[in-house]
1. Condition first: touching a residue at least 24 places away in the same chain (Cβ under 8 Å), touching a Lys or Arg at 6+ places or on another chain (Cβ under 9 Å) and assigned to a helix (DSSP H, G or I). Can you find one or more residues in segment A:82-102 that meet it?
2. Name the one entry in B:Ile30, B:Ile100 that is of a type in the set (Val, Ile, Thr), within 30 Å of B:Ile208 (Cβ to Cβ) and in a loop (DSSP other than H, G, I, E, B).
3. Just give me the residues in segment B:138-156 being surrounded by fewer than 23 Cβ atoms within 10 Å (Cβ to Cβ) and either of a type in the set (D, E, K, R) or in a loop (DSSP other than H, G, I, E, B) (or both), in sequence order.
4. For segment A:144-175, which positions are within 13 Å of A:Ala220 (Cβ to Cβ) and either free of Cβ contacts under 8 Å to residues at least 40 places away in the same chain or over 15 Å from the mean Cα position of the chain (by Cα) (or both)?
5. Scan A:Lys41, A:Lys17 and give me the residue that is surrounded by fewer than 12 Cβ atoms within 10 Å (Cβ to Cβ), at the interface with chain B (Cβ under 10 Å from one of its Cβ atoms) and either part of a helix (DSSP H, G or I) or at pLDDT 85 or above (or both).
6. With the checklist (1) modelled with pLDDT of 90 or more; (2) outside any helix (DSSP H, G or I) in hand, flag the one item B:Met114 doesn't pass.
7. What's the total number of residues in segment B:180-213 that are in a loop (DSSP other than H, G, I, E, B) and either modelled with pLDDT of 90 or more or closer than 26 Å to B:Glu126 by Cα (or both)?
8. Could you please find all residues in segment B:6-48 being aromatic (Phe, Trp, Tyr) and at pLDDT below 90?
Amino acid sequence: MSAAVNGKTNISKELKKAEGINRLVVLPFKKSVEIAYKSIKVRFFRSLITTMSLVLAVSFLSFVSVTNDVANGFLATQNPDLRQALVRSGYDIAPEDTSVGSSPKQKWIIVLSLLVCVVGIVNAQLMAVTERFREIGTMKCLGALDRFVLRLFLLEASMQGLVGSVVGAVAGAIFAIINNFIRFGTVVFVELALLDVLFSILLASLIGCFLSLVGVFYPALVAARMQPVEAMRVEQ
Amino acid sequence: MSAKRNIVRVSKVTKAFQLGKLDVQALKGIDLEIAAGDYISIMGPSGSGKSTLFNMIGGLDKPTSGKVFIDEVDVAQLDAYELAWLRCRKIGYIFQTFNIIQVMTALENVTLPMVFGGMGNDAAVEKGIELLELVGLGDRFQHKPFELSGGQQQRVAIARALANDPSIILADEPTGNLDLKTGEEIITLLKQLSQERGVTVISATHDIKMLNVSDQVVWIRDGRVDKIEDRSELSISVGQVDIRE
């Protein structure tokens, strides 16, 4: 009896190898993007809140670096009046300095705000995973692999991250320019190093995207490792 | 002859859970053979190990000892990819809580397993509409789950379970969250599909209504198979139940 069973199992093993190519479960990339986009759209308000902490942190980062860009633009003109204006508004510039960088205190605050933002994202995404455990379990019952779930969560986070950090970076830059305009007047627009500002916005956006992915990685891993049997549980 | 082929074979299966310091024996040696094309009900009080057995058959859980064969393939031998393939192509799941994916329309829910199975988008949509018509929701395929009643959601779930022409449909208390009449409709639909398509339906249930359509009823009690009744013997026990009520 047992020999016969083994024989049969072996045959099915052979069959499986022969059909190997057909026996793959797939999720095309385009379809994953579509699903990720839809689940953001459906939970729009929730996604907005998740993204908000990122928007704020990135806009702070962008604000600080664009403000520095403006000051550097002033210094580059070698105009003593502008240098004087900077000193009066609180910049700590030694006579021989030709540029201003972020002070250690500024850097510390930026790092702290980004850290808080990542923790916020982890928290929000963990909640999202718990909320969606039934959906994830169901998908797994329908044949989804761990990496499909991982990919869906990473895609969702990168979409949120991209939009959130671009919005944050641009908003921070605009706010920085307005703030400097109020302090120094129209000279800000004349001496603005546009390339530097664009670079600051780009850098802030990239950092934002990266943070969003870092923040979602652990929650996505939790989601991907969820057992399909969870979908069967009745209690909410 | 093919009707006598065993699609599911459970052999000496035990399952132990660790609840804190306590070892709980949920299953104490189950032997069961299920013929292809049959409509099977697994009955038993809660805590009898019914759900555990059910999850084993569905490849959702692995036994502590013993073996589960689906189509003569030992489930424990499969790796993650093969298991996903099995869930996708061989087994259709129906849940007590419907588990329609909320962010997708009825049609997208039905086509999702086909997408996983590698079917092209157009073909999947065409087949999805066909399946939704089959379960009587032909005009509602663009509806979101929250626009559908419980019975309609369960119909979507049945269409979804049929998406990749599985050989087995596993229904876990499919009527548990439905009222009497809707429950009956769902049972009739399942029975009809099982007959028309030759799908093996295995359902775990408390629902006495299920007994009427079952080819075989497996009673589970205290982690063991209490008795297996064929339909011919069944009318008597149904009568008894009715009398008691």
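1. Yes: one or more hits.
2. The unique qualifying residue is B:Ile100.
3. B:Gly138, B:Asp139, B:Arg140, B:Phe141, B:Gln142, B:His143, B:Lys144, B:Glu147, B:Leu148, B:Ser149
4. The answer is A:Asp146, A:Arg147, A:Phe148, A:Val149, A:Leu150.
5. Testing whether each residue is surrounded by fewer than 12 Cβ atoms within 10 Å (Cβ to Cβ), at the interface with chain B (Cβ under 10 Å from one of its Cβ atoms) and either part of a helix (DSSP H, G or I) or at pLDDT 85 or above (or both) leaves just A:Lys41.
6. (2)
7. Residues meeting the conditions: 2.
8. B:Phe17
The values are calculated or read from the model by the stated rules, or taken from the named source; none is laboratory data. A quick note: this is a predicted structure, and the numbers were derived from the prediction, not measured. A quick note on method: Cβ atoms are made from the backbone with ideal geometry, for glycine too, and the neighbour counts reach across all protein chains shown.
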